[in-house]
1. Report whether or not B:V147 is more than 11 Å from chain A (Cβ to nearest Cβ), over 25 Å from A:V84 (Cα atoms) and free of Cβ contacts under 8 Å to residues at least 60 places away in the same chain.
2. Right, A:P124: at the interface with another protein chain (Cβ under 9 Å from one of its Cβ atoms) and open to solvent by 40 Å² or more (accessible area, probe 1.4 Å) or not?
3. Could you list, in sequence order, the residues of the stretch B:21-40 that are farther than 15 Å from B:N142 by Cα and aliphatic (A, V, I, L, M)?
4. Based on what the data block shows, is B:V150 under 12 Å from the mean Cα position of the chain (by Cα) and open to solvent by less than 20 Å² (accessible area, probe 1.4 Å)?
5. Tell me whether the stretch B:97-120 contains one or more residues that are closer than 16 Å to B:F29 by Cβ, open to solvent by less than 20 Å² (accessible area, probe 1.4 Å) and assigned to a loop (DSSP other than H, G, I, E, B).
6. Inside the stretch B:55-78, can you point out the residues that are open to solvent by less than 10 Å² (accessible area, probe 1.4 Å), closer than 16 Å to A:G96 by Cβ, under 16 Å from the mean Cα position of the chain (by Cα) and not polar (S, T, N, Q)?
7. Does B:G93 count as away from chain A (no Cβ under 12 Å), outside any helix (DSSP H, G or I), out of contact with any strand residue (DSSP E or B) (no Cβ under 9 Å at 6 or more places or on another chain) and free of Cβ contacts under 8 Å to residues at least 60 places away in the same chain?
8. Scan the stretch A:15-71 residue by residue and report those that are assigned to a strand (DSSP E or B) and not basic (K, R).
Protein chains: 2
Amino acid sequence: MSASNHSSASPAATPQPIYLDDLKVGDQFKSGEHAMDEAQITTFAAQFDPQPFHLDDTAARGTLFGGLAASGWHTAAITMRLQVTSGLPIAGGIVGAGGELTWPRPTRATDVLHVVSEVTAIAPSKSKPDRGMVTVRSETRNQHGDVLQVATVRIVVPRRPDAASLAPTA
Amino acid sequence: MSASNHSSASPAATPQPIYLDDLKVGDQFKSGEHAMDEAQITTFAAQFDPQPFHLDDTAARGTLFGGLAASGWHTAAITMRLQVTSGLPIAGGIVGAGGELTWPRPTRATDVLHVVSEVTAIAPSKSKPDRGMVTVRSETRNQHGDVLQVATVRIVVPRRPDAASLAPTA
């Protein structure tokens, strides 16, 4: 599971950058993996979320988390890394306009993360014919299949240059 | 602007940890500041969002961003740091259950960020009398007042121990 797995019906699109015209609602993608460890969790927390339950396992035992847990923003950042490097080969990169996040379970030091994504909406721009907005729902899961984060993010995706010029103008 | 500024009508709550019972819809908080720079932007991006517009100013000029821009997840992570260290002195820490994010403008290397937050909803738990869910809408702004991120996050907040024991049981 080291490469992306675009399960669209158009397998030829897999290794190339994907344009708006290549996507269909229901298309699924699977990222590579990222192994967490305690040092990553505490390093991120010290910089961005310095709270006891993200910094020290002993201190975390007496909290809601019951043990060391990654910051949710760390899980979000690793999810982005997995999407950029292997999950979503969008032409021109992944430019998010915003989205929704939930963290059903904490990410632990022993977790190995991967991301499974599905296209849930595609909206060509009315004012800018060279692009559109794609909504992607992504689950960040550990090696046991537990869902650690659900993100629904709106991404700006360019149209294939030739497709835009060939599109009906009416 | 180095300290939090709880503009509730109960100023005595400012320096102490804040419990559910201390909060009212409309309460506002203001964080300290965080100065961005190019090194922070590119270091975060190399680790979590390795795309040209987050890694190199020259490469970014030809993109939608028109110049080096921080990853939105970097803005989110700095926002969390500001909330934890100066913005929201919630008793027991800031434990988010999820939320919504938008990034109206990119964060630039010259930006100095702060966060202005407002309590928009308070819901005591029906099943767990020692806590509740508080919804906080936070704007991450730069030194010009431009809004770079709007986050609406649901936070688990404990009730004041004595308040919980004194609460009506009917």
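The values are calculated or read from the model by the stated rules, or taken from the named source; none is laboratory data. Here the structure is a predicted model, which means the values were calculated and not measured. Note that each Cβ is placed from the backbone with ideal geometry, even for glycine, and that neighbours are counted across all protein chains shown. Side chains are part of the model used for accessible areas, which takes the heavy atoms of the whole protein and leaves out ligands, DNA and RNA. Shrake-Rupley method; radii C 1.70, N 1.55, O 1.52, S 1.80 Å.
1. When the stated conditions are applied, B:V147 passes them.
2. no
3. The answer is B:L23, B:V25, B:A39.
4. No, not satisfied.
5. no
6. B:H74, B:A76, B:A77
7. Against the criterion (away from chain A (no Cβ under 12 Å), outside any helix (DSSP H, G or I), out of contact with any strand residue (DSSP E or B) (no Cβ under 9 Å at 6 or more places or on another chain) and free of Cβ contacts under 8 Å to residues at least 60 places away in the same chain), B:G93 does not qualify.
8. Answer for the stretch A:15-71, where residues must be assigned to a strand (DSSP E or B) and not basic (K, R): A:I18, A:Q28, A:F29, A:S31, A:G32, A:E33, A:H34, A:A35.
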